[in-house]
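One structure is given below, encoded as structure tokens.
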Amino acid sequence: MNKPLCILWLAVAMLGAACESPQSPLEAKDLERAARDTASLAAEGALLVRQAGQGSVSSHYVWVHQQALQEENRRVGESLQKPVPAFLQTRQQQAAAVNLRLAGAFGRLGFAVGDPRELGELSHTLAQVREQAKAAGDGR
């Protein structure tokens, strides 16, 4: 490979890494988006819990969907790990705590199928998480 082409590839790789760097600060709009995404995931999880409780989806479907929800929630959680300005630290901590609580709820979901009491508790938890995520996004 010739030297100019290597330099070009290196520059492109460095630019790509800089765009995704965890060192770039989290802005208010990013925090609001992460909180909105967390609330949306909680709502989707609540729908899955409702469907599982009604027996309208199989346990395999619940397990696969739970894995997808966990992965998306992990991605949102990672987006909250960037440094923030001092005025956003409290909101970031709230959003990260809510995201972690949602991860715990999703971890229980696959095992709750067939247990109406556990599904009821999960439904309650997911409703709380949704409201807490909205509040974190609004700065309440």
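The values are calculated or read from the model by the stated rules, or taken from the named source; none is laboratory data. Since this is a predicted model, take the numbers as computed values, not measurements. Heads up, the Cβs are rebuilt from the backbone with ideal geometry, glycines too, and the neighbour counts pull from every protein chain shown. Accessible surface is based on the protein model in full, side chains and every heavy atom, while ligands, DNA and RNA are left aside. Shrake-Rupley method; radii C 1.70, N 1.55, O 1.52, S 1.80 Å.
At a glance:
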| read-out | value |
| --- | --- |
| Estimated vicinal HN-Hα couplings, Hz - the stretch 58-66 in sequence order (Karplus 6.51, -1.76, 1.60; Gly, Pro = x) | 7, 5, 5, 4, 4, 4, 5, 5, 4 |
| Estimated distance in nm for a label pair at Ala97 and Gln51, the labels positioned 7 Å out from Cα along Cα-to-Cβ | 3.2 |
| Candidates per GluC sites (Glu not before Pro) in the stretch 20-87, loop by DSSP, up to 10 other Cβ within 10 Å | Glu20 |
| Apportionment of accessible area to carbon and sulfur, the stretch 24-140, percent (1.4 Å) | 54 |
